[in-house]
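Report on the following structure.
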Amino acid sequence: ERGGNNSFTHEALTLKYKLDNQFELVFVVGFQKILTLTYVDKLIDDVHKEFRDKYRNEFQQKGTLGLLNGTFDFKDDFMRLLRDAEESSKVRAPTVMKTFEQSLKSQKTVKCMIETRGEKPKEKVKTKKNKGSKKEGTEAVAAPGKAPAGDKQPSAAGDREELTKDEILQKNREEFFKRHMKAGEKSSKSPKPEAQKEKGKKPRVWDLGNSNAKVLDYSNSATNGSTEACPVEEFDPDTALGDRNREPGRLYDLEYESDDEAEEEKVIQNPSKPSAKKGGLGGMFGMLKGLVGSKSLTKEDMEPVLEKMKDHLIAKNVAAEIAVQLCESVAKKLEGKVMGTFTTVTSTVKQALQEALVQILQPQRRVDVLRDVMDAQRHRRPYVVTFCGVNGVGKSTNLAKISFWLIENGFSVLIAACDTFRAGAVEQLRTHTRRLNALHPPESHGGRTMVQLYEKGYGKDAAGIAMEAISYARNQGFDVVLVDTAGRMQDNAPLMTALAKLIAVNAPDLVLFVGEALVGNEAVDQLVKFNKALADHSMAQTPRLIDGIVLTKFDTIDDKVGAAISMTYITSKPIVFVGTGQTYCDLRSLNAKAVVAALMKA
């Protein structure tokens, strides 16, 4: 699926490869990484053509067995091609800069570059006069019946010619003020409103709010996770939970109905309707149009289809750079492949692109949070998850959803409030803690408080608070620690350094990047720079990078799901959770086929 990148670096070596899909061959060239060989691409292309043409008949007659059992004497040919490639790189002379005599500037004379004072204003005045005369001409043509107006205008133009520049400016100002005064008189004549609005603001009363100020005052609440002093807020569990019929603790897959399924349902619903038949041979020729019979695909065949596919992917919020790379990888995968008799180029390219997208969304490493938490339990230590991302993507909200999911699976959670910068961040987490405890009271869990908040207020060192929270969780026997961090832009070097310090010092088990599904090209920039900052500012020899992704606001994008592709393509890391709404139950796991179906929808 990453066929667009045809090089691979391993320690001191760099490998470049080329595929021959027709005969299923792979050509690989290896060279020292420190060497900048400009002729490598030419060499591998030449070897590919020479080798394929020389043994074409043997491949066609014997097939795969011919490749396994055959002997290929190609050393002399390879050495000749290598010498030719080396010579061709030496022949190219470096580009020489132009001399001053060859440039356009040398052709200009000194006279044309000298500017005298007062020339340009005169030219401007002349143009104004010409414009004025043109206007007069048009007015005279448009209204020949108005003799007095026609007589006045030439005299006005003549007067203007006699006036100096300062007098013209003064006259224009006077005309402007006259017009302004007339407009003011007109507006003053407009009728005044009978009843004037009362001055001052009225406090807004929210439907789901609480008018009692004492209930809303949480300033005296205790810290370090003790929730006994916090007043219990009355709220409707349905608004917090959403679907009451779901299975507790289960993380459902994303659902999406593809066009094919919808068409099948329509056919099942309307079996009595006769199929519309096209008359004559037109229907037959329409079916056969676009079919390619037993021929190998070329780039020229695929180019128009891939161009449409690229535009389609970009329209679905896939980053432009990644859409281009995907189409290039599909082209390399299909070039030279022999198609079936009744197969169109469009269907073949679309099928290959779908397969590539599914592979991208299913990375090699799969994050199983519940299994990892149970493994940490056996070692009698808390499982630590750190959330990071840019401002306003929903880190705190989705942290609360993940807390609820962990509690429903029987694990106790300590939330570390390490966002010591944003006003209201600690209070937001305290509210979530209070609500989660109301949904899962200690009485339902044998007197054990399932979720607590560890906070030290604002303006403190986030890395220190996280370290204290992990130590507190170890002593109190918590299963999971969820570390909330402040939102930061990927270009802010001091804040990125602080995040790298927090991760390096506390060594969390899982680092989750929280990104919203609304972004397009920005997703690539964010992830690349977050990973780079974590690598650059870490003191460790093997720095900790992003382990997984939480994709939020998925319910706001309809079928524009390209951000999921962009994020997984850049990092090769899985999307662990998908946020799909505002309630605690609106958390899903990624279903690759559902996302690809939405992406390929026309």
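Rule-based calculations on the coordinates, nothing more; no lab input. All figures in this text were calculated on a predicted structure; none of them were measured in a lab. Ideal geometry is used to build each Cβ from the backbone, glycine not excepted, and the neighbour counts take in all protein chains shown.
Some notes on this structure:
- Evaluating 6.51 cos²θ - 1.76 cosθ + 1.60 at θ = phi - 60° for every residue in the stretch 512-524, the Karplus couplings come out as 9, 8, 9, x, 8, 6, 7, 7, x, 5, 5, 4, 5 Hz, glycine and proline recorded as x.
- Estimated FRET transfer efficiency when R0 is 60 angstrom, pair Ala438-Thr343 (beta carbons, to 0.05): 0.50
- Our Cα-only numbers for the stretch 7-90 put the radius of gyration and Dmax at 14.2, 42 Å.
- Our analysis of the stretch 446-514 gives Rg over Rh at 1.00, with the two radii drawn from alpha carbon positions and Rh computed by the Kirkwood formula.
- Shown in residue order for the stretch 26-43 are the 3J(HN,Hα) couplings computed by the Karplus curve 6.51 cos²θ - 1.76 cosθ + 1.60 at θ = phi - 60°: 10, 9, 10, 10, x, 7, 5, 5, 6, 7, 9, 8, 7, 9, 4, 5, 5, 4 Hz (x for Gly and Pro).
- With R₀ set to 22 Å, the beta-carbon distance separating Lys202 from Ala423 gives a calculated FRET efficiency near 0.35.
- Cα convex hull volume per residue for the stretch 437-483 (Å³): 86 Å³
- Around Leu82: net Lys/Arg minus Asp/Glu count, Cβ-Cβ under 15 Å: -2
- Size of the stretch 369-591 as Cα extents on the principal axes (Å, biggest first): 49, 41, 36
- Estimated distance in nm for a label pair at Thr99 and Asp166, the labels positioned 7 Å out from Cα along Cα-to-Cβ: 5.5 nm
- Debye intensity ratio I(q)/I(0), log10, the stretch 298-361, q values 0.11, 0.12, 0.25 Å⁻¹ (C-alpha model): -0.23, -0.27, -1.13
- The charge dipole of the stretch 7-90, taken about its Cα centre with unit charges on the Cβ atoms of Lys, Arg (+1), Asp and Glu (-1) only, comes to about 80 debye.
- Cα→Cβ-extended label distance, 7 Å offset, between Asp311 and Thr71, nm: 5.6 nm
- A simple rule links phi to the HN-Hα coupling: the Karplus curve 6.51 cos²θ - 1.76 cosθ + 1.60 with θ = phi - 60°, which for the stretch 534-540 gives 5, 6, 6, 8, 8, 7, 6 Hz, with x for Gly and Pro.
- Under-5 Å amide H pairs with Glu516, H placed in peptide plane, nonlocal only: Thr552
- Using the Cβ-Cβ distance between Arg381 and Arg448 with R0 set to 22 Å, the FRET efficiency works out to roughly 0.75.
- Modelled spin-label separation between Met539 and Lys560, with each label point placed 7 Å from Cα along the Cα-to-Cβ direction: 4.5 nm.
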